[in-house]
Amino acid sequence: MRKGERNGVDYYFLSAGEFRKKIENNEFIEWEEVYKDHYYGTLRSEVFRIWNNGHHVIFDVDVEGGLNLKSQYADRALAVFVMPPSIQSLESRLKQRETETTESIARRIGKAEKELKTADRFDKTILNDTLAHALADAEKVVKEFLQR
């Protein structure tokens, strides 16, 4: 949990054991053990709650989760790969946040290098060079998808 985040509001923070139990009960639309005993996933109940309220769901998942969702929902889903300008730029951004250890930055950079090789498997790629450009591109891509 990062500073300012609240359980049940920003995310649901579960122990590894609680997470594994929910996996056994098929409670996730997607999930992944990103690092040893560090799981991330999307609860089916949350997605259905949002849909039942007449809203669309936007997922912020890693590459594996995005590809998994795309395989489940095909043309009903828009898979967008957000790409850093470079690995060096990504590393600099992570360091500037001052929320990561040297080890976690190295781990994330290693993962990012592998993930960049999958960008062509997504429907759209957005270059996150500047926040304003990336946001404008994301808005355009999502509007086009929702209007079809």
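The values are calculated or read from the model by the stated rules, or taken from the named source; none is laboratory data. Please read these numbers as outputs of a predicted model, since none were measured by experiment. With ideal geometry, Cβ positions are generated from the backbone for all residues, glycine too; neighbour counts draw on all protein chains shown.
Table for the structure above
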{"read-out": "Filtered residues of region 117-148 (kept if in a helix (DSSP H, G or I) and in contact with a helix residue (DSSP H, G or I) (Cβ under 8 Å, 6 or more places away or on another chain))", "value": "Thr118, Arg121"}
{"read-out": "Residue within region 20-40 that is in a helix (DSSP H, G or I) and either aromatic (Phe, Trp, Tyr) or within 29 Å of Thr125 (Cβ to Cβ) (or both) present", "value": "no"}
{"read-out": "Residue in region 99-116 that is basic (Lys, Arg) and more than 17 Å from the chain's Cα centre (by Cα) present", "value": "no"}
{"read-out": "Residue in region 81-91 that is of a type in the set (Phe, Trp, Tyr) and buried (at least 17 other Cβ atoms within 10 Å of the Cβ) present", "value": "yes"}
{"read-out": "Unique residue being out of contact with any helix residue (DSSP H, G or I) (no Cβ under 7 Å at 6 or more places or on another chain) and of a type in the set (A, V, I, L, M) when the list is Leu94, Leu90, Leu69, Leu78", "value": "Leu69"}
{"read-out": "Search result, residues across region 117-126 that are surrounded by 13 or more Cβ atoms within 10 Å (Cβ to Cβ) and without any contact (Cβ under 8 Å) to a residue 24 or more places away in the chain", "value": "none"}
{"read-out": "Any chance Val57 is under 13 Å from Arg121 (Cα atoms) and of a type in the set (Val, Ile, Thr)", "value": "no"}
{"read-out": "Top-ranked residue in region 15-66 [being small (Gly, Ala, Ser) and either more than 22 Å from Ala119 (Cβ to Cβ) or touching a helix residue (DSSP H, G or I) at 6+ places or on another chain (Cβ under 6 Å) (or both); ranked as surrounded by the fewest Cβ atoms within 10 Å (Cβ to Cβ)]", "value": "Gly54"}
{"read-out": "First in region 41-58 and outside any helix (DSSP H, G or I), second anywhere and at pLDDT 90 or above and of a type in the set (Asp, Glu), Cβ under 8 Å, 6 or more apart", "value": "Leu43/Glu27"}
{"read-out": "The one condition in (1) at pLDDT below 90; (2) out of contact with any Phe, Trp or Tyr (no Cβ under 6 Å at 6 or more places or on another chain); (3) over 23 Å from Arg148 (Cα atoms) that Val34 fails to fulfil", "value": "(2)"}
{"read-out": "Residues satisfying the stated conditions in region 59-81, i.e. in a loop (DSSP other than H, G, I, E, B), out of contact with any Gly (no Cβ under 9 Å at 6 or more places or on another chain) and either of a type in the set (Lys, Arg) or under 16 Å from Glu33 (Cβ atoms) (or both)", "value": "Asp62"}
{"read-out": "Count of region 4-14 residues which are free of Cβ contacts under 8 Å to residues at least 12 places away in the same chain and either loosely packed, with under 10 Cβ neighbours inside 10 Å or not acidic (Asp, Glu) (or both)", "value": "6"}
{"read-out": "Search result, residues across region 90-116 that are under 16 Å from Tyr35 (Cβ atoms), without any contact (Cβ under 8 Å) to a residue 12 or more places away in the chain and not in a helix (DSSP H, G or I)", "value": "Glu100, Thr101"}
